[in-house]
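The values are calculated or read from the model by the stated rules, or taken from the named source; none is laboratory data. This is a predicted model, so every value here is computed, not measured. Heads up, the Cβs are rebuilt from the backbone with ideal geometry, glycines too, and the neighbour counts pull from every protein chain shown. Just so you know, the surface numbers come from the protein's heavy atoms only, side chains and all, with ligands and any DNA or RNA stripped out. Shrake-Rupley method; radii C 1.70, N 1.55, O 1.52, S 1.80 Å.
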Amino acid sequence: MTKKLIDQYGRTLNYLRLSVTDRCNFRCYYCMPEEGMNFVDRKDLLSYEELEYLLDIFSSYGVNKVRITGGEPFVRKGIMDFLEKMSQIEGINQITVTSNGTLSRDQMIELKRLGITKINISLDSLNKQRFFEITRRDKFDEVFQCILDLLELGFEVKLNAVVADEKNISDIIPFVELTKYYPLSVRFLEEMPFNGSGKFEVPKWNHVVLYEYIATAYPTIVKLSDEKNSTSANYQIPGYKGSFGIIASFSRTFCGTCNRIRLSATGEFRTCLYGPAAVNLRDVLRSGASREELVQEIIMAVAKKEKDGFEAESLQAEAPKKSMSFLGG
Ligand code: SAM
Ligand code: SF4
């Protein structure tokens, strides 16, 4: 029988979010400052060989789903070869990717060949100017074309839109309208305090406000059934091809069914995005630890997973200054 990672509240943790780089070609305001990002040295990143070794350990403990994220995964050299090797690891039966849309058509075709068919693309605005203001890059056309290509190639596409006052409220209805024409899911996210500055205001556009705003515009809104462990509450407008979801990422309404663990590009192992790293697995690995010692570190960290994101946050001495690109979104 496969061994499992189970926490003190009986939750089985089988879903790893793996950040392969902290670097990015965009500068989204909610994720990092426009200038002055200190990206980590290459030598401090887990190498692909180290990642494969750790993934093999995780999979032998029941982790069967891995999301590749970052930073922007496609800016790391060698990512496609790594994904190919990863797709051969026994036990990992679902690999998904989160990207800002910086991938070529050739890479899309290769992803499909590897059986990676679910992809999340971040897109916070359907307006070119607002897209530029949010990402600080003039790449709207490229990202939108990427989404169209992914759909054409048969990918299951989800769009992630972080909703915030004075940024993209006027995009909410156009995003819902996008689901009329395209079979994709748009997910509206509450902004979280991981912009790399340590400054943050509680979001006005929380999941309740968002739902009421959309439901007022669409009285025929239908609630869809959510997958087990889903972080989004999902809805559809009757007759529309796609659907949309609301993710209470700041309000943290879904912690009771959380099945996630995270590994940063430098080996920080977190059992909650809001909490401190439980252990740095790169350091343990590079200290010459045996496989069994690594397993023990992982099991001990997992056992202590906090009840919810509020409890995890309370363990941090000060307001989080880390960027989401470092933590791995
Ligand atoms: N670069 C890729 C991308 O943008 O999709 C992957 C990494 S990004 C950190 C992963 C996800 O985290 C994106 O969907 C992004 O919108 C989300 N994200 C980043 N910072 C956030 C924040 N402060 N609050 C909410 N979501 C955030
Ligand atoms: Fe880059 Fe993604 Fe962060 Fe935007 S959200 S700056 S695309 S890592």
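Tabulated results
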| quantity | calculated |
| --- | --- |
| First in region 25-49 and farther than 20 Å from E191 by Cα, second anywhere and away from ligand 2 (no atom under 14 Å from the Cβ) and part of a loop (DSSP other than H, G, I, E, B), Cβ under 8 Å, 6 or more apart | V40/T266; D44/T266; L45/T266; L46/T266; L46/G267; Y48/G78 |
| For F155: the one exception among (1) closer than 15 Å to V97 by Cα; (2) within 14 Å of ligand 1 (Cβ to nearest atom); (3) not hydroxyl-bearing (S, T, Y) | (2) |
| Pick from region 152-177, criterion more than 13 Å from ligand 2 (Cβ to nearest atom) and polar (S, T, N, Q), ranking: least open to solvent (accessible area, probe 1.4 Å) | N168 |
| Matching entry among E72, E35 (being open to solvent by less than 30 Å² (accessible area, probe 1.4 Å), within 16 Å of ligand 2 (Cβ to nearest atom) and acidic (D, E)) | E72 |
| Any hit, region 141-151, residues being touching a residue at least 60 places away in the same chain (Cβ under 8 Å) and either surrounded by fewer than 17 Cβ atoms within 10 Å (Cβ to Cβ) or among the small types (G, A, S) (or both) | no |
| Counted residues, region 300-322 - those being open to solvent by less than 10 Å² (accessible area, probe 1.4 Å) and hydroxyl-bearing (S, T, Y) | 0 |
| Filter result for the condition that a residue is surrounded by fewer than 20 Cβ atoms within 10 Å (Cβ to Cβ) and touching a residue at least 60 places away in the same chain (Cβ under 8 Å), over T257, T271 | T257 |
| Matching option when the condition is modelled with pLDDT of 95 or more and open to solvent by 20 Å² or more (accessible area, probe 1.4 Å), among R42, R17 | R17 |
| Within region 161-270, strands (runs of 3 or more DSSP E) holding 2 or more residues that are within 30 Å of R42 (Cβ to Cβ) and modelled with pLDDT of 95 or more | 260-263, 268-270 |
| Whichever residue in region 58-81 is among the hydrophobic types (A, V, I, L, M, F, W, C) and without any contact (Cβ under 8 Å) to a residue 40 or more places away in the chain and, among such residues, is farthest from ligand 1 (Cβ to nearest atom) | M80 |
| Hits in region 192-227 (condition: open to solvent by 60 Å² or more (accessible area, probe 1.4 Å), under 21 Å from the mean Cα position of the chain (by Cα) and not hydrophobic (A, V, I, L, M, F, W, C)) | D226, E227 |
| So G242, is it open to solvent by less than 10 Å² (accessible area, probe 1.4 Å) and over 14 Å from the mean Cα position of the chain (by Cα) | yes |
| Close pairs (9 angstrom Cβ cut-off, 6 or more residues apart or separate chains): more than 16 Å from ligand 1 (Cβ to nearest atom) in region 82-109, open to solvent by 10 Å² or more (accessible area, probe 1.4 Å) and among the β-branched types (V, I, T) anywhere | M86/I92; M86/I95; S87/I95; G91/T2 |
| Test for L55: is it among the aliphatic types (A, V, I, L, M), within 18 Å of L327 (Cα to Cα), touching a residue at least 60 places away in the same chain (Cβ under 8 Å) and open to solvent by less than 30 Å² (accessible area, probe 1.4 Å) | no |
